[in-house]
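See below for the structure under consideration.
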Amino acid sequence: MKKISLFLIILTVIFSACQDKTTYTIEGNFTENTFDGKTVYLQKIDSMQAESSTLIDSVVVKDSKFVFKGTADAKPIMGFISVGRLESPAPDSPVGTLILEPGTIKISLGKNTVSTTGTPTNEDFNKVQLVMNNLAALYQEVNDAGGLQGVPDAQARMQKYQEDMQKATFEFTKANMSNKAGEFMFYSSASGFTRDQLKELLPLADSTFRNTPEMKALASELGKVIPEVGQPFLDVQLADANGKAVSLSDFAQKNKCVLIDFWASWCGPCIQEMPNLVKAYAANKAKGFEIIGISVDDDKQAWLNAVKTNNMSWIQLIDGSKAASELYAVNSIPHTILLDANGIIVAKDLRGQQLEDKIVELLK
(Lines give C-alpha, C1' and ligand atoms only; values in the text may rest on other atoms or scores of the structure.)
Protein backbone atom coordinates (compact mmCIF):
# COMPACT_ATOMS: atom_id res chain seq x y z
CA MET A 1 0.00 0.00 0.00
CA LYS A 2 2.82 2.37 0.83
CA LYS A 3 4.37 1.84 -2.61
CA ILE A 4 1.03 2.52 -4.33
CA SER A 5 0.47 5.65 -2.23
CA LEU A 6 3.94 6.95 -3.05
CA PHE A 7 3.35 6.26 -6.74
CA LEU A 8 0.07 8.19 -6.64
CA ILE A 9 1.75 11.11 -4.92
CA ILE A 10 4.45 11.22 -7.61
CA LEU A 11 1.79 11.12 -10.34
CA THR A 12 -0.10 13.95 -8.64
CA VAL A 13 3.03 16.13 -8.49
CA ILE A 14 3.85 15.42 -12.14
CA PHE A 15 0.27 16.12 -13.21
CA SER A 16 0.21 19.38 -11.26
CA ALA A 17 3.49 20.48 -12.83
CA CYS A 18 2.05 19.80 -16.28
CA GLN A 19 -1.04 21.79 -15.45
CA ASP A 20 1.04 24.72 -14.30
CA LYS A 21 2.57 24.93 -17.76
CA THR A 22 -0.82 25.59 -19.35
CA THR A 23 -2.65 27.60 -16.71
CA TYR A 24 -2.60 31.29 -15.93
CA THR A 25 -3.40 33.38 -12.90
CA ILE A 26 -4.20 37.08 -13.31
CA GLU A 27 -3.66 39.17 -10.20
CA GLY A 28 -5.19 42.58 -10.80
CA ASN A 29 -5.69 45.78 -8.85
CA PHE A 30 -7.18 49.23 -9.35
CA THR A 31 -4.87 52.02 -8.16
CA GLU A 32 -7.22 55.01 -8.13
CA ASN A 33 -10.93 54.41 -8.53
CA THR A 34 -12.85 52.12 -6.22
CA PHE A 35 -14.88 49.44 -7.93
CA ASP A 36 -15.49 47.23 -4.90
CA GLY A 37 -18.58 45.10 -5.38
CA LYS A 38 -18.54 45.64 -9.13
CA THR A 39 -18.03 42.83 -11.62
CA VAL A 40 -14.83 42.89 -13.65
CA TYR A 41 -14.80 40.94 -16.91
CA LEU A 42 -12.01 39.12 -18.73
CA GLN A 43 -12.76 39.03 -22.45
CA LYS A 44 -11.21 38.35 -25.84
CA ILE A 45 -11.97 39.39 -29.40
CA ASP A 46 -12.09 36.39 -31.70
CA SER A 47 -11.45 38.33 -34.90
CA MET A 48 -11.15 41.90 -36.15
CA GLN A 49 -14.52 41.41 -37.84
CA ALA A 50 -16.24 40.43 -34.56
CA GLU A 51 -19.04 42.77 -33.51
CA SER A 52 -18.64 41.99 -29.80
CA SER A 53 -16.16 40.48 -27.39
CA THR A 54 -16.28 36.91 -26.08
CA LEU A 55 -16.54 36.48 -22.33
CA ILE A 56 -13.84 34.33 -20.75
CA ASP A 57 -14.52 34.91 -17.04
CA SER A 58 -15.86 37.39 -14.52
CA VAL A 59 -15.25 38.08 -10.81
CA VAL A 60 -16.30 40.63 -8.22
CA VAL A 61 -13.80 43.27 -7.14
CA LYS A 62 -12.88 43.21 -3.45
CA ASP A 63 -10.51 45.66 -1.74
CA SER A 64 -9.71 47.05 -5.24
CA LYS A 65 -8.33 43.62 -6.24
CA PHE A 66 -9.45 40.71 -8.40
CA VAL A 67 -8.07 37.35 -9.51
CA PHE A 68 -8.74 35.26 -12.61
CA LYS A 69 -7.57 31.70 -13.17
CA GLY A 70 -7.85 29.71 -16.34
CA THR A 71 -6.23 27.60 -19.01
CA ALA A 72 -4.18 29.34 -21.68
CA ASP A 73 -4.45 28.65 -25.39
CA ALA A 74 -1.55 26.94 -27.15
CA LYS A 75 -0.22 30.35 -28.22
CA PRO A 76 -0.57 33.76 -26.51
CA ILE A 77 -3.72 35.76 -27.22
CA MET A 78 -4.89 39.25 -26.28
CA GLY A 79 -7.17 39.57 -23.28
CA PHE A 80 -9.18 42.62 -22.22
CA ILE A 81 -10.26 43.59 -18.72
CA SER A 82 -12.99 46.08 -17.85
CA VAL A 83 -15.62 46.79 -15.23
CA GLY A 84 -18.71 46.05 -17.27
CA ARG A 85 -18.45 44.44 -20.68
CA LEU A 86 -15.94 45.81 -23.17
CA GLU A 87 -18.72 47.19 -25.40
CA SER A 88 -20.09 49.40 -22.59
CA PRO A 89 -17.69 49.63 -19.64
CA ALA A 90 -18.75 51.27 -16.39
CA PRO A 91 -18.15 55.03 -16.08
CA ASP A 92 -14.52 55.82 -15.23
CA SER A 93 -13.52 52.20 -15.72
CA PRO A 94 -10.06 51.79 -17.21
CA VAL A 95 -9.78 49.14 -19.91
CA GLY A 96 -6.75 46.93 -19.56
CA THR A 97 -5.09 44.86 -22.25
CA LEU A 98 -2.85 41.92 -21.43
CA ILE A 99 -1.46 38.77 -22.98
CA LEU A 100 -3.07 35.50 -21.90
CA GLU A 101 -0.29 32.95 -21.51
CA PRO A 102 0.78 30.44 -18.82
CA GLY A 103 2.09 31.87 -15.57
CA THR A 104 1.16 34.53 -13.04
CA ILE A 105 0.23 37.77 -14.78
CA LYS A 106 -0.02 40.99 -12.82
CA ILE A 107 -2.01 43.94 -14.12
CA SER A 108 -2.36 47.31 -12.47
CA LEU A 109 -5.14 49.63 -13.67
CA GLY A 110 -5.14 53.36 -13.00
CA LYS A 111 -7.13 56.24 -14.43
CA ASN A 112 -4.58 56.92 -17.18
CA THR A 113 -2.08 54.12 -16.63
CA VAL A 114 -1.94 50.39 -17.19
CA SER A 115 0.98 48.07 -16.51
CA THR A 116 1.39 44.35 -17.14
CA THR A 117 4.16 42.22 -15.66
CA GLY A 118 4.90 38.70 -14.51
CA THR A 119 5.25 36.67 -17.71
CA PRO A 120 7.68 37.13 -20.61
CA THR A 121 5.22 38.34 -23.24
CA ASN A 122 3.46 40.65 -20.80
CA GLU A 123 6.80 42.16 -19.79
CA ASP A 124 7.44 42.87 -23.47
CA PHE A 125 3.93 44.21 -23.99
CA ASN A 126 4.42 46.53 -21.03
CA LYS A 127 6.86 48.55 -23.17
CA VAL A 128 3.88 49.44 -25.35
CA GLN A 129 1.78 50.17 -22.26
CA LEU A 130 4.38 52.59 -20.90
CA VAL A 131 4.29 54.70 -24.07
CA MET A 132 0.49 54.65 -24.02
CA ASN A 133 0.65 55.87 -20.43
CA ASN A 134 2.89 58.75 -21.51
CA LEU A 135 0.46 59.71 -24.27
CA ALA A 136 -2.52 59.52 -21.90
CA ALA A 137 -0.71 61.71 -19.37
CA LEU A 138 0.10 64.28 -22.06
CA TYR A 139 -3.52 64.37 -23.28
CA GLN A 140 -4.63 64.93 -19.69
CA GLU A 141 -2.05 67.69 -19.21
CA VAL A 142 -3.17 69.46 -22.39
CA ASN A 143 -6.81 69.11 -21.37
CA ASP A 144 -6.13 70.50 -17.89
CA ALA A 145 -4.21 73.40 -19.43
CA GLY A 146 -7.13 74.32 -21.67
CA GLY A 147 -5.45 73.33 -24.92
CA LEU A 148 -2.11 72.99 -26.67
CA GLN A 149 -1.26 76.63 -26.04
CA GLY A 150 -1.10 75.88 -22.32
CA VAL A 151 1.67 73.28 -22.77
CA PRO A 152 4.48 74.88 -24.81
CA ASP A 153 6.37 71.64 -25.51
CA ALA A 154 3.27 69.52 -26.16
CA GLN A 155 3.85 69.10 -29.89
CA ALA A 156 7.47 68.04 -29.51
CA ARG A 157 6.56 65.56 -26.78
CA MET A 158 3.64 64.26 -28.83
CA GLN A 159 5.91 63.61 -31.80
CA LYS A 160 8.44 61.79 -29.62
CA TYR A 161 5.78 59.62 -27.97
CA GLN A 162 4.28 58.76 -31.35
CA GLU A 163 7.71 57.71 -32.58
CA ASP A 164 8.21 55.68 -29.40
CA MET A 165 4.81 54.05 -29.89
CA GLN A 166 5.57 53.13 -33.49
CA LYS A 167 8.85 51.54 -32.45
CA ALA A 168 7.38 49.68 -29.47
CA THR A 169 4.38 48.31 -31.37
CA PHE A 170 6.56 47.20 -34.28
CA GLU A 171 9.02 45.38 -32.02
CA PHE A 172 6.21 43.63 -30.13
CA THR A 173 4.39 42.70 -33.32
CA LYS A 174 7.57 41.35 -34.92
CA ALA A 175 8.29 39.14 -31.90
CA ASN A 176 4.70 37.81 -31.84
CA MET A 177 3.65 37.76 -35.48
CA SER A 178 3.10 33.99 -35.35
CA ASN A 179 0.51 34.14 -32.55
CA LYS A 180 -2.90 35.75 -32.02
CA ALA A 181 -1.52 38.53 -29.81
CA GLY A 182 0.83 39.64 -32.59
CA GLU A 183 -1.90 39.31 -35.21
CA PHE A 184 -4.21 41.53 -33.17
CA MET A 185 -1.44 44.11 -32.73
CA PHE A 186 -0.71 43.94 -36.45
CA TYR A 187 -4.32 44.62 -37.38
CA SER A 188 -4.66 47.49 -34.92
CA SER A 189 -1.29 49.11 -35.73
CA ALA A 190 -0.54 48.27 -39.37
CA SER A 191 -1.53 51.74 -40.60
CA GLY A 192 1.32 53.18 -38.55
CA PHE A 193 4.00 50.83 -39.89
CA THR A 194 6.23 51.81 -42.78
CA ARG A 195 6.18 49.91 -46.04
CA ASP A 196 9.54 48.32 -45.22
CA GLN A 197 8.27 47.25 -41.80
CA LEU A 198 5.18 45.65 -43.34
CA LYS A 199 7.40 43.77 -45.77
CA GLU A 200 9.46 42.54 -42.82
CA LEU A 201 6.42 41.43 -40.81
CA LEU A 202 4.45 39.64 -43.50
CA PRO A 203 6.72 36.57 -43.89
CA LEU A 204 6.70 36.06 -40.10
CA ALA A 205 2.96 35.35 -40.00
CA ASP A 206 1.77 31.75 -39.98
CA SER A 207 0.32 30.39 -43.22
CA THR A 208 -3.31 30.63 -42.04
CA PHE A 209 -3.03 34.33 -41.27
CA ARG A 210 -0.90 35.03 -44.33
CA ASN A 211 -3.55 33.48 -46.58
CA THR A 212 -6.48 35.56 -45.34
CA PRO A 213 -7.98 37.86 -48.03
CA GLU A 214 -6.76 40.95 -46.16
CA MET A 215 -3.18 39.74 -45.93
CA LYS A 216 -3.15 38.59 -49.56
CA ALA A 217 -4.35 42.05 -50.59
CA LEU A 218 -1.62 43.62 -48.48
CA ALA A 219 1.03 41.37 -50.04
CA SER A 220 -0.19 42.43 -53.48
CA GLU A 221 -0.04 46.09 -52.48
CA LEU A 222 3.47 45.72 -51.08
CA GLY A 223 4.54 44.18 -54.37
CA LYS A 224 3.77 47.39 -56.27
CA VAL A 225 6.62 49.70 -57.24
CA ILE A 226 6.39 53.10 -55.58
CA PRO A 227 8.77 56.08 -55.77
CA GLU A 228 11.28 55.92 -52.92
CA VAL A 229 13.96 58.26 -51.62
CA GLY A 230 16.55 58.81 -54.35
CA GLN A 231 14.02 58.31 -57.15
CA PRO A 232 12.06 60.95 -59.13
CA PHE A 233 8.47 61.73 -58.18
CA LEU A 234 5.72 60.17 -60.29
CA ASP A 235 3.02 62.29 -61.85
CA VAL A 236 -0.65 61.89 -60.97
CA GLN A 237 -3.89 63.79 -61.55
CA LEU A 238 -5.74 65.54 -58.74
CA ALA A 239 -8.33 68.32 -58.43
CA ASP A 240 -8.02 71.91 -57.25
CA ALA A 241 -10.53 73.84 -55.13
CA ASN A 242 -12.64 74.56 -58.24
CA GLY A 243 -12.80 70.90 -59.20
CA LYS A 244 -10.45 71.40 -62.13
CA ALA A 245 -8.23 68.42 -62.97
CA VAL A 246 -4.55 69.25 -62.58
CA SER A 247 -1.34 67.25 -62.57
CA LEU A 248 1.24 67.08 -59.82
CA SER A 249 3.85 68.01 -62.42
CA ASP A 250 2.08 71.35 -62.93
CA PHE A 251 3.59 72.41 -59.61
CA ALA A 252 6.39 70.03 -58.68
CA GLN A 253 9.95 70.44 -60.02
CA LYS A 254 9.45 74.18 -60.49
CA ASN A 255 11.17 75.31 -57.31
CA LYS A 256 14.41 74.57 -55.50
CA CYS A 257 12.52 72.57 -52.89
CA VAL A 258 8.95 71.20 -52.88
CA LEU A 259 7.10 69.53 -50.00
CA ILE A 260 4.18 67.26 -50.87
CA ASP A 261 1.98 67.00 -47.79
CA PHE A 262 -0.77 64.36 -47.57
CA TRP A 263 -3.23 65.42 -44.87
CA ALA A 264 -6.93 65.70 -43.91
CA SER A 265 -9.11 68.10 -41.94
CA TRP A 266 -10.03 65.30 -39.48
CA CYS A 267 -6.41 64.26 -38.83
CA GLY A 268 -5.30 65.64 -35.43
CA PRO A 269 -1.53 65.16 -35.96
CA CYS A 270 -1.84 66.81 -39.40
CA ILE A 271 -3.51 69.89 -37.98
CA GLN A 272 -1.00 70.03 -35.11
CA GLU A 273 1.82 70.20 -37.65
CA MET A 274 0.26 73.07 -39.67
CA PRO A 275 1.75 75.93 -37.57
CA ASN A 276 5.21 74.51 -38.34
CA LEU A 277 4.42 74.41 -42.07
CA VAL A 278 2.99 77.95 -41.99
CA LYS A 279 6.21 79.14 -40.35
CA ALA A 280 8.46 77.24 -42.79
CA TYR A 281 6.49 78.50 -45.79
CA ALA A 282 6.64 82.13 -44.69
CA ALA A 283 10.38 81.92 -44.05
CA ASN A 284 11.37 80.12 -47.24
CA LYS A 285 8.86 80.74 -50.04
CA ALA A 286 10.82 83.67 -51.45
CA LYS A 287 13.95 81.51 -51.49
CA GLY A 288 12.41 78.83 -53.71
CA PHE A 289 10.35 76.66 -51.35
CA GLU A 290 6.85 75.46 -52.21
CA ILE A 291 4.27 73.22 -50.53
CA ILE A 292 1.68 71.12 -52.32
CA GLY A 293 -1.04 70.11 -49.90
CA ILE A 294 -2.92 66.95 -50.95
CA SER A 295 -6.06 66.39 -48.90
CA VAL A 296 -7.57 62.92 -48.58
CA ASP A 297 -10.84 64.38 -47.27
CA ASP A 298 -14.13 63.03 -48.57
CA ASP A 299 -15.91 66.22 -47.47
CA LYS A 300 -14.87 69.06 -49.78
CA GLN A 301 -16.25 71.81 -47.53
CA ALA A 302 -14.43 70.43 -44.48
CA TRP A 303 -11.24 70.49 -46.54
CA LEU A 304 -11.71 74.10 -47.65
CA ASN A 305 -12.69 75.22 -44.14
CA ALA A 306 -9.55 73.66 -42.68
CA VAL A 307 -7.38 75.36 -45.31
CA LYS A 308 -8.83 78.74 -44.35
CA THR A 309 -8.82 78.16 -40.58
CA ASN A 310 -5.19 77.05 -40.53
CA ASN A 311 -3.88 79.78 -42.87
CA MET A 312 -2.62 77.27 -45.42
CA SER A 313 -1.76 79.70 -48.20
CA TRP A 314 0.15 77.24 -50.36
CA ILE A 315 -1.07 75.06 -53.26
CA GLN A 316 -4.07 72.98 -52.24
CA LEU A 317 -5.29 69.89 -54.09
CA ILE A 318 -7.61 67.04 -53.17
CA ASP A 319 -7.14 63.34 -53.88
CA GLY A 320 -10.77 62.56 -54.65
CA SER A 321 -10.04 59.36 -56.57
CA LYS A 322 -7.32 58.33 -54.08
CA ALA A 323 -5.04 57.77 -57.09
CA ALA A 324 -2.22 59.78 -55.50
CA SER A 325 -2.55 57.96 -52.17
CA GLU A 326 -2.38 54.63 -53.96
CA LEU A 327 0.54 55.65 -56.17
CA TYR A 328 2.61 56.81 -53.19
CA ALA A 329 1.36 54.02 -50.87
CA VAL A 330 0.02 56.47 -48.29
CA ASN A 331 -1.26 54.21 -45.48
CA SER A 332 -1.33 56.86 -42.78
CA ILE A 333 -1.25 60.63 -42.49
CA PRO A 334 0.40 63.02 -42.08
CA HIS A 335 2.72 61.82 -44.82
CA THR A 336 5.23 64.17 -46.43
CA ILE A 337 7.51 63.80 -49.45
CA LEU A 338 10.32 66.31 -49.95
CA LEU A 339 11.62 66.95 -53.49
CA ASP A 340 14.73 68.77 -54.64
CA ALA A 341 14.93 71.09 -57.67
CA ASN A 342 15.20 68.09 -60.01
CA GLY A 343 12.08 66.43 -58.65
CA ILE A 344 14.08 63.76 -56.83
CA ILE A 345 12.66 62.50 -53.53
CA VAL A 346 15.20 63.40 -50.84
CA ALA A 347 13.21 62.57 -47.69
CA LYS A 348 9.89 61.32 -46.39
CA ASP A 349 7.89 62.01 -43.24
CA LEU A 350 10.09 64.78 -41.87
CA ARG A 351 8.37 67.09 -39.38
CA GLY A 352 9.21 69.96 -37.06
CA GLN A 353 12.85 70.95 -36.77
CA GLN A 354 14.08 68.06 -38.93
CA LEU A 355 11.96 69.32 -41.83
CA GLU A 356 13.10 72.93 -41.37
CA ASP A 357 16.76 71.88 -41.32
CA LYS A 358 16.38 69.86 -44.53
CA ILE A 359 14.59 72.71 -46.30
CA VAL A 360 17.41 75.12 -45.39
CA GLU A 361 19.97 72.58 -46.65
CA LEU A 362 18.22 72.23 -50.04
CA LEU A 363 17.85 75.99 -50.47
CA LYS A 364 21.57 76.72 -50.03
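The values are calculated or read from the model by the stated rules, or taken from the named source; none is laboratory data. It should be emphasised that the depicted structure is a prediction, and the values quoted were computed from it without experimental measurement. Because the Cβ atoms are built from the backbone with ideal geometry, glycine has one as well, and the counts that use them run over all protein chains shown.
Got at least one residue in the stretch 168-191 being out of contact with any helix residue (DSSP H, G or I) (no Cβ under 7 Å at 6 or more places or on another chain), assigned to a loop (DSSP other than H, G, I, E, B) and closer than 20 Å to Glu326 by Cα?
no
Taking Asp349 as the residue in question, decide whether it is surrounded by 15 or more Cβ atoms within 10 Å (Cβ to Cβ) and either in contact (Cβ under 8 Å) with a residue 12 or more places away in the chain or within 18 Å of Leu238 (Cβ to Cβ) (or both).
When the stated conditions are applied, Asp349 does not pass them.
For residues that are among the aliphatic types (A, V, I, L, M) and part of a loop (DSSP other than H, G, I, E, B), scanning just the stretch 246-275, find the one that is farthest from the chain's Cα centre (by Cα). If you could, list the steps in order and put the result at the bottom.
Step one: filter the stretch 246-275 for residues among the aliphatic types (A, V, I, L, M), giving 246, 248, 252, 258-260, 264, 271, 274.
Imposing the further condition that a residue be part of a loop (DSSP other than H, G, I, E, B) reduces the set to 252, 264.
Details: Ala252: 31, Ala264: 17 Å.
If we take residues in the stretch 246-275 being among the aliphatic types (A, V, I, L, M) and part of a loop (DSSP other than H, G, I, E, B), then Ala252 is farthest from the chain's Cα centre (by Cα).
Would you confirm whether any residue within the stretch 215-230 is closer than 24 Å to Met312 by Cβ and either of a type in the set (A, V, I, L, M) or at pLDDT 90 or above (or both)?
The answer is no; no qualifying residue exists.
Only one of Gln231, Gln237 is of a type in the set (S, T, N, Q), surrounded by 14 or more Cβ atoms within 10 Å (Cβ to Cβ) and either in contact with a His (Cβ under 6 Å, 6 or more places away or on another chain) or in contact (Cβ under 8 Å) with a residue 12 or more places away in the chain (or both). Can you tell me which?
After ruling out the rest, the residue left standing is Gln237.
Considering the stretch 133-176 alone, what residues qualify as being without any contact (Cβ under 8 Å) to a residue 40 or more places away in the chain and closer than 15 Å to Ser188 by Cα?
Of everything in the stretch 133-176, those that are without any contact (Cβ under 8 Å) to a residue 40 or more places away in the chain and closer than 15 Å to Ser188 by Cα turn out to be Met165, Gln166, Lys167, Phe170, Thr173, Lys174.
I'd like the full set of residues that are part of a loop (DSSP other than H, G, I, E, B) and under 26 Å from Thr194 (Cα atoms), limited to the stretch 307-340.
Asp319, Gly320, Ser321, Lys322, Tyr328, Ala329, Val330, Asn331, Ser332, Ile333, Pro334
Provide a single number: the residues in the stretch 280-306 that are closer than 12 Å to Cys270 by Cβ and either hydroxyl-bearing (Ser, Thr, Tyr) or outside any loop (DSSP other than H, G, I, E, B) (or both).
Adding up the residues that qualify gives 5.
One residue is enough: does the stretch 225-245 have a residue meeting the conditions within 26 Å of the chain's Cα centre (by Cα) and not hydrophobic (A, V, I, L, M, F, W, C)?
Checked against the condition, which is being within 26 Å of the chain's Cα centre (by Cα) and not hydrophobic (A, V, I, L, M, F, W, C), the stretch 225-245 yields at least one hit.
Just the residues that are outside any strand (DSSP E or B) and under 24 Å from Thr119 (Cα atoms), please, taken from the stretch 33-46. Working first, answer last.
Of the stretch 33-46, the ones outside any strand (DSSP E or B) are 33-38, 45-46.
If the condition is that a residue be outside any strand (DSSP E or B) and under 24 Å from Thr119 (Cα atoms), then Ile45, Asp46 are the ones that fit.
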